There are 2 protein chains.
Amino acid sequence: MKPSDLLSSLLPPAARPGDLLSAVDSPALLLDLDAFERNVRQMQAAADSAGLALRPHAKAHKCVAIAQAQMRAGAVGICCQKVSEAIPFVAAGIPDILVSNELIGEAKARLLAALAGHARMSVCVDHEQQVEQLAQACEQAGSRLELLVEINIGQDRCGVADAPAVLRLVEVIAQYAGQLRFKGLQAYQGGLQHVRGAEVRREAVLRATERARLVVRDLLDEGIACETVTGGGTGSAAFDLGLGLYTELQPGSYVFMDADYGRNETADDGLRFEHSLLLASRVMSEGTGDRAVLDAGLKSLSAESGMPWVWEAGSPSERWDYVSANDEHGILQCRTPGGAKPRLGEQVLLVPGHCDPTLNLHDAIVAHRAGRVEAVWAIEARGLSR
Amino acid sequence: MKPSDLLSSLLPPAARPGDLLSAVDSPALLLDLDAFERNVRQMQAAADSAGLALRPHAKAHKCVAIAQAQMRAGAVGICCQKVSEAIPFVAAGIPDILVSNELIGEAKARLLAALAGHARMSVCVDHEQQVEQLAQACEQAGSRLELLVEINIGQDRCGVADAPAVLRLVEVIAQYAGQLRFKGLQAYQGGLQHVRGAEVRREAVLRATERARLVVRDLLDEGIACETVTGGGTGSAAFDLGLGLYTELQPGSYVFMDADYGRNETADDGLRFEHSLLLASRVMSEGTGDRAVLDAGLKSLSAESGMPWVWEAGSPSERWDYVSANDEHGILQCRTPGGAKPRLGEQVLLVPGHCDPTLNLHDAIVAHRAGRVEAVWAIEARGLSR
């Protein structure tokens, strides 16, 4: 018997449509469809009201069914963070994908040029070597790409510094007019997204985007119009919407809201998203003293942005904390010494600390409504990091 | 075209046998076969000399080819940490597997009982409810399981406290003699493995295992012999070997040696393993100042036990540090201001901070020798955390 046969014959899916949510095998990712759909609608409505395009980031979910829901709600396309990540979305017919990141190397350029034969593809650049590799790959594939020059607005990660640097790349792009087209700018600052205080975050967004505004103005002075200025995220979206800078926003986590984003203060006039993403775990050992042992650790959730929240009746638990994550174990602790612990075998729901790398650990997500499983969606781009 | 077809038609493997190591697409896990084979032989020889069985932990690698190499070297079987993790190893013909962990719930008990129809399977328990579920599942499947009672030797995670608690479980197990057999004890303390100083670690091992020794003696006084006492890990193995307590050791990380284990001081008379596991990344953006941007972040390596080391010519780099990990980016920084940075597109090798959750992010590992790819091994149990 081949391993794949024994696997499929012995390991059933964590859940099947119609199952009670409480019966889902553990660990398993859960998606509250009502909350998810409200999140999708709220962000789309906010972008629509502001007259901006919404291009949700698929690096947060890596799931075709979620991208399709975002497209049905009105998204213009999606972002991916790696070229390989885009493959299942292209294959599923998502028509317009921005790889919102630089890529280097012939293998990656060839892959992107091949995808551009199936969908409208765009990608970021910050160096002429990337531009030249992409042009060569497109020439070989007979396809075309749109390029956004990334500008550094304070993350000090990727991106060029100023308008002259953008202009130099625009000139290189213009040399390959048969293959490449300059589409505009990407201006994204990840660090801003998690500034806790709403007013502090608003001011940080204004400062960072001022850099982008100057580049756009300087380019216009040189006769270069940016058809697209893309950026923004779940933490900054409430402020990005009214800047008059972006033509397109690319938030990702808003569909889920992880515990890290839950720690952000929401602006008075801001967007309020709901926690739709949970991880179902179980008490696998009674543990000692005020601790119980859960069957979900670092291989089921990402803890680098803080521990998950224990979730009870739609809120963070007031009696239990998830205090430490081993590879395959999580330690739950009672806040009050001598407090009641969940019993052996009991399901314990968790809000993951950071959604993006958590989704990347799972092959499927269990979509549920009103206490019943409605569907099990594949996370097709899980592991596609090349 | 189905997503799976487009995926396989467009995304080639990261490497093919015969490729130059320097040409491997990134990010990709690499295994130095010479170092790996020396690690496997050294641990096996140490166990053989001490007259102990070696049952390497497959939660570290999740890879059938690696388990098969360990079996060829003389291992008696392997450990898995979750019942689903065992499936690909059973399917590949590994004849003897300990699920070195408790499990709860009918679905998991049924799966383990089904696997016991294909291989000799054992599992840990620390509560009679687990025993009863396993007995029932075995009765339905017509299979048999061997049970080890886990004892808590200071981790304060799973495990019972003392000999009377073991005896109570032995009595429950004895009620299901047609399905279950008491095999012995598991006594494992994960926290000990990473105590940095060799002598401090040795003393901590002696203290923790003294608890286990007392339980074994008390059980013998009651006429209960432990055929197997299993435990130990990569950090404690040098000390576990000579204790006269364990009959079997279950280290996992020794095959790879991650940066976290690299920070342990090796005992004078201890085992010295080599760093065989690397992650191939690339400079995807020149970055700003003394920083360059790599294409490998939290979705390609686990950073919860510290950042990876940059690896040059067989040693930790003396000029570059990997200082921060975003989802799909890593920041490399020069130690000396104004120092040379790796150039755009250059391959940068990293020693992951923590091997187990890093392997769980990848579908394959590129096995190489003398600068050439020798094989690409599937990581079949990746993601199997149920």
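Structure summary
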quantity	calculated
Flag if residue A:192 is closer than 18 Å to residue A:248 by Cα and of a type in the set (A, V, I, L, M, F, W, C)	yes
Count of residues meeting criterion [surrounded by 19 or more Cβ atoms within 10 Å (Cβ to Cβ) and either hydroxyl-bearing (Ser, Thr, Tyr) or within 14 Å of chain A (Cβ to nearest Cβ) (or both)] in the stretch B:156-171	5
Test: residue in the stretch A:252-265 that is in contact (Cβ under 8 Å) with a residue 40 or more places away in the chain, surrounded by fewer than 18 Cβ atoms within 10 Å (Cβ to Cβ) and touching an Asp or Glu at 6+ places or on another chain (Cβ under 7 Å)	no
Scope the stretch A:261-317; condition assigned to a strand (DSSP E or B) and within 8 Å of another protein chain (Cβ to nearest Cβ); matching residues	A:282, A:283, A:284, A:285, A:291, A:293
Any hit, the stretch A:326-338, residues being of a type in the set (Lys, Arg) and either under 17 Å from the mean Cα position of the chain (by Cα) or surrounded by 18 or more Cβ atoms within 10 Å (Cβ to Cβ) (or both)	no
Selection within the stretch A:332-386 - within 11 Å of another protein chain (Cβ to nearest Cβ), closer than 26 Å to residue A:57 by Cβ and among the small types (Gly, Ala, Ser)	A:353, A:364, A:378, A:381, A:383, A:385
Wholly enclosed strands (runs of 3 or more DSSP E) of the stretch A:1-116 bearing at least 2 residues in contact (Cβ under 8 Å) with a residue 40 or more places away in the chain and in contact with a helix residue (DSSP H, G or I) (Cβ under 8 Å, 6 or more places away or on another chain)	A:28-32
The stretch A:211-241, subset among the acidic types (Asp, Glu) and over 25 Å from the mean Cα position of the chain (by Cα), residue surrounded by the most Cβ atoms within 10 Å (Cβ to Cβ)	A:218
Residues of the stretch A:53-69 satisfying the condition of being crowded, with 24+ Cβ neighbours inside 10 Å and at negative phi	A:54, A:55, A:56, A:57, A:58, A:59, A:60, A:61, A:63, A:66, A:67
Per-region count, the stretch A:292-305, residues at pLDDT 95 or above and either basic (Lys, Arg) or surrounded by fewer than 23 Cβ atoms within 10 Å (Cβ to Cβ) (or both)	1
Whichever residue in the stretch B:98-143 is surrounded by 22 or more Cβ atoms within 10 Å (Cβ to Cβ) and among the hydroxyl-bearing types (Ser, Thr, Tyr) and, among such residues, is nearest to the chain's Cα centre (by Cα)	B:100
In the stretch A:133-147, the residues that are within 14 Å of another protein chain (Cβ to nearest Cβ) and not in a helix (DSSP H, G or I)	A:143
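The values are calculated or read from the model by the stated rules, or taken from the named source; none is laboratory data. The structure presented is a predicted model; accordingly, all values stated were derived computationally and were not measured. Ideal geometry is used to build each Cβ from the backbone, glycine not excepted, and the neighbour counts take in all protein chains shown.
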